[in-house]
Amino acid sequence: MAVMNADGTGAAPLPHPSPRALAGRAFGAVPPPALVLLGIVSVQVGAALAKHLFGAVGSSGTVALRLFFAAAVLMAAWRPPLRMGRRAWTVVLGYGAVLGTMNLCFYLALARLPLGIAVTTEFLGPLAVALGGSRRRLDAFWALLAGAGVALLAEGRGDLDLVGLLLALAAGACWGLYILLGAALGRHTTEGNGLALGMAVAALLAVPFGVADSGTALARPWVLIAGLGVALLSSVVPYSLELEALRRIPPHVFGILMSLEPATAAVIGFVVLGESLHWSQWLAVLCVMAASAGATRGARPDA
């Protein structure tokens, strides 16, 4: 689009806003709680779509597709510089390794457990981080409530896979480390550069497992398209929404909103995958959600 000067001569075309600027304006118009909720729904719909891929390429192959495409999109969007200090690269490598391991463990658990139970069990990791440094007596109650949730999950139905539960717990432990390393990543990198590089490291870790497990099945066109969809829904969209939300709300408010994730996973698992939970398992989900919200609400605003 061009404009005219006062003397009638042509002026230079007005610059078009960059895609990043347009995305920033779009995000800015959405309330932060809505961004968090959209991110939660996106990541759980992505997990449900991923579970449909397990029959074609297995859980490791699905992780490989998700992280490969997520890394490709984020690297193209941010084009992060590779020249960084040793400390920054140490954090990026650690972040990427934990991110890749977390995804591998979670998807292996998801192959054995309903989505709602896998997410609820994994959610114990960030809950442990929230409770870890606390000296408040009330937080002992939240820890007991979370423990009651775990017991209800285990007792709710006899056909739960023990290996799946252990894998979900391992994914939760990685999620706790991911939170701690994510804070360090924010201190040592700028904008989305650290996320993009960390995702690339995670992809380098996961792709060999996927290729070994699935081979040429990963190259089928419909599998690649579905893998791209999983990457966008499970990584690119929610991580971008969460980063924007964290710029505008305190971390403890963000944590309270994130406590809705187990219930969201259970609902989406029922609607999309037809996975129903026993009433005691729904109670377990509510226990973990309440413990997470209570522990996060009591955290210091600057924590």
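Once you put a point 7 Å from the Cα of A140 and another 7 Å from the Cα of A183, both along the Cβ direction, what distance in nm separates them?
2.4
Starting at the first residue of segment 104-121, write each ³J(HN,Hα) from the Karplus equation 6.51 cos²θ - 1.76 cosθ + 1.60 with θ = phi - 60°, in whole Hz, x for Gly and Pro.
4, 5, 5, 5, 5, 5, 5, 5, 10, 10, x, 4, x, 6, 4, 5, 4, 5
Can you tell me the 0 to 90 degree angle between the C-alpha axis of helix 32-78 and the longest principal axis of the chain, rounded to 10?
On a 0 to 90 degree scale, this one is about 70.
Starting from 0.36 nm per residue, how many nanometres of slack lie between L224 and L283 once their C-alpha separation is accounted for?
That works out to 17.5 nm of additional length.
Could you tell me how many degrees, from 0 to 90 and to the nearest 10, lie between the Cα long axis of helix 193-214 and the main elongation axis, the longest principal axis, of the Cα atoms of the chain?
60
In whole percent, how big is the carbon plus sulfur part of the accessible area of the chain, probe 1.4 Å, protein atoms only? Mind showing how you got there, number by number?
Values: 10180 of 14660 Å².
That share works out to 69 percent.
Please identify, among E242, E191, E122, the residue showing maximal mean-square fluctuation in a Gaussian network model of the chain using a 10 angstrom Cα cutoff.
Looking only at E242, E191, E122, the biggest GNM fluctuation is shown by E191.
Going 7 Å from the Cα of V267 toward and past its Cβ, which residues in segment 34-62 have a backbone nitrogen under 13 Å from where you end up?
Of the residues in segment 34-62, 37-42, 44-45 have backbone N under 13 Å from the label point off V267.
Against the longest alpha carbon principal axis of the chain, how many degrees, from 0 to 90 and to the nearest 10, is the axis of helix 279-297 turned?
Helix 279-297 sits roughly 60 degrees off the main axis of the chain.
Subtract the Cα-Cα distance of A217 and L38 from 0.36 nm times their separation in residues, and report this length gain in nm to one decimal.
Gain on extension, A217 to L38, equals 61.3 nm.
If I model a spin label at L260 and R79 as a point 7 Å from the Cα along the Cα→Cβ vector, what separation in nanometres do I get?
3.7
With Cβ to Cβ distances under 13 Å as the rule, what net charge do the other residues near L131 carry (K, R +1; D, E -1)?
Result for the local shell: +3.
Rounded to the nearest whole Å², what accessible area per residue is found for segment 64-109 with the 1.4 Å probe?
Averaged over the residues of segment 64-109, the accessible area is 47 Å².
Per residue, how large is the accessible surface of segment 130-204? Use a 1.4 angstrom probe and give square angstrom.
It amounts to 53 Å² per residue over segment 130-204.
Across segment 251-256, in residue order, what do the Karplus-derived ³J(HN,Hα) couplings come to in whole Hz, using 6.51 cos²θ - 1.76 cosθ + 1.60 with θ = phi - 60° and x for Gly and Pro?
x, 5, 5, 4, x, 5
The values are calculated or read from the model by the stated rules, or taken from the named source; none is laboratory data. It should be emphasised that the depicted structure is a prediction, and the values quoted were computed from it without experimental measurement. Backbone-built Cβ (ideal geometry, glycine too); neighbour counts: all protein chains shown. What goes into the accessible areas is simple: the full protein's heavy atoms, side chains included, and nothing from ligands, DNA or RNA. Shrake-Rupley method; radii C 1.70, N 1.55, O 1.52, S 1.80 Å.
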